[in-house]
Amino acid sequence: MTELVHLDTADGTATITLDSPHNRNALSRQLVAELFDRLDRAAEDGAARVVVIRSADRVFCSGADLSEAARGGMEEGTRALVELQRRILAHPKPVVTRIAGPVRAGGLGIVAASDIALCAEEVTFALTEVRLALAPAVISLSLLPRLTSRAASDSFLTGRTFDAREAAAMGIVTRAVPQDRLDEEVARVCADLAQGHPQGLRETKALLAREPLAFLDAHAEEMAAISARLFGSEGAREAMTAFLNRKR
């Protein structure tokens, strides 16, 4: 089985790379399982003070793997996406996302759960669930604490595409920079973080994550149940099948 998520540590940074180009880094069972493993290994790596999540290819993440979802049985998958956001929020080390390409639907959960999110100005975002007879229930667990209620209503209900500058204004990403400066900005932020003492970083991150984690834990079961129910509905199956057929 081809590895879909890579882990490399150098200069105090553990870099986790999503590398599933055949489905635009969709959150398949394999990719999520490997991402759990790489996050856990990065947490235990004494040589790493910072974790960076990035993509190998142009697309950062296209959201849920609709080919798996269309076959039914998303109860396990929705709970895994809840746990993914929790592991990022509760990770003992600062998690930085480097976003050089489009982010759709469930992929925004990774971005919102991260401590610092840096993206190229050309990047676009969209919460497309509503157009597939779904709702962004599970990823609302990390997104809603970041957004104003107006921004949430606008982005959740319309399913429209918005750019990186708007994502920064909404609170989804930390900063948007020109594409040719993205790696420089990621390196600068990681260098700043690496100057922190491990205990200081761990305790400060726990302080910042306290309320987002409390929100996630309070609503996780309900949101996972809503998401699983919608993925299993006839309307969603029809919409996902139509979408997949258009892509072929």
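The values are calculated or read from the model by the stated rules, or taken from the named source; none is laboratory data. Since we're looking at a predicted model, the values are computed, not measured. Ideal geometry is used to build each Cβ from the backbone, glycine not excepted, and the neighbour counts take in all protein chains shown. These accessible areas exclude ligands, DNA and RNA; they are computed on the full protein's heavy atoms, side chains included. Shrake-Rupley method; radii C 1.70, N 1.55, O 1.52, S 1.80 Å.
In this rough spin-label picture, where each label sits 7 Å from Cα along the Cβ direction, the A169-R131 distance is 2.1 nm. A full extension of the chain between H6 and A56 corresponds to an added length of 17.1 nm, given 0.36 nm per residue minus the alpha carbon distance.
Distant-in-sequence amide contacts of T9, defined by a placed amide H-H separation under 5 Å and a gap of 5 or more residues or a different chain, comprise T15.
Overall, the ratio between the Cα radius of gyration of the chain and 2.2 N^0.38 Å, rounded to two decimals, is 0.95.
Summing Cβ point charges (Lys, Arg +1; Asp, Glu -1) relative to the Cα centre of the stretch 54-98 gives a dipole of roughly 340 debye. Principal axis extents of the Cα atoms in the stretch 1-61, from largest to smallest and rounded to whole angstrom, are 33, 21, 16. When each of the peptides 152-164, 189-201, 100-112 is scored by how many other beta carbons lie within 10 Å of its residues on average, the order from highest to lowest is 100-112, 152-164, 189-201.
If both residues of a DSSP beta bridge must be in the stretch 1-140, then about 25% of such bridges are antiparallel.
Taking the accessible area of the stretch 96-248, probe 1.4 Å, and keeping the other protein chains in place, the carbon and sulfur fraction comes to 54%. Provide the percentage of antiparallel DSSP beta bridges, counting only those with both residues in the chain; round to the nearest 5. If we restrict to bridges inside the chain, about 30 percent are antiparallel.
What does the C-alpha gyration tensor say about the overall shape of the stretch 177-245? Classify as rounded when a/c is under 1.5, otherwise prolate if a/b is larger than b/c, or oblate. Oblate shape, in that a/c is at least 1.5 and b/c is the bigger or equal ratio. What separates the Cα centres of the stretch 146-192 and the stretch 93-121 is a distance of 8 Å. Ordering L208, A191, T174 by Cα displacement along the dipole of the stretch 174-218 toward the positive end leaves L208 in first place; charges were set at the Cβ atoms of Lys, Arg (+1) and Asp, Glu (-1).
With all protein chains kept in place, the per residue accessible area of the stretch 105-248 amounts to 50 square angstrom at a probe of 1.4 angstrom. Computed from Cα positions, the angle between helix 149-158 and the longest principal axis of the chain comes to roughly 50 degrees. Only one residue of L39, L157, A14 has its Cα farthest out toward the positive end of the dipole of the chain, where Lys and Arg carry +1 and Asp and Glu -1 on Cβ, and that residue is L157.
Amide H contacts of T124: V103, each under 5 Å away and 5 or more positions distant or on a separate chain (H built 1.01 Å from N in the peptide plane; Pro and chain starts excluded).
When a/c is below 1.5 the answer is rounded, else prolate if a/b is larger than b/c, else oblate, so apply that to the stretch 84-228 with a ≥ b ≥ c taken from the square roots of the Cα gyration tensor eigenvalues. Oblate, since a/c reaches 1.5 and b/c is not below a/b. Quick check on the stretch 1-118: take the gyration tensor over C-alpha atoms, sort the square-rooted eigenvalues as a ≥ b ≥ c, and tell me if it's rounded (a/c under 1.5), prolate or oblate. The shape class here is prolate. Once the Cα atoms of helix 29-44 and of the chain are each reduced to a long axis, what angle between those two axes, in degrees from 0 to 90 to the nearest 10, is obtained? It works out to around 20 degrees. In terms of the mean number of neighbouring beta-carbon atoms within 10 Å, the peptides 176-188, 46-58, 133-145 order highest first as 133-145, 46-58, 176-188. In order along the stretch 104-117, the Karplus-derived 3J(HN,Hα) couplings, from 6.51 cos²θ - 1.76 cosθ + 1.60 at θ = phi - 60°, round to 10, 6, x, x, 5, x, 4, 4, 5, 6, 5, 6, 9, 10 Hz, and Gly and Pro are given as x.
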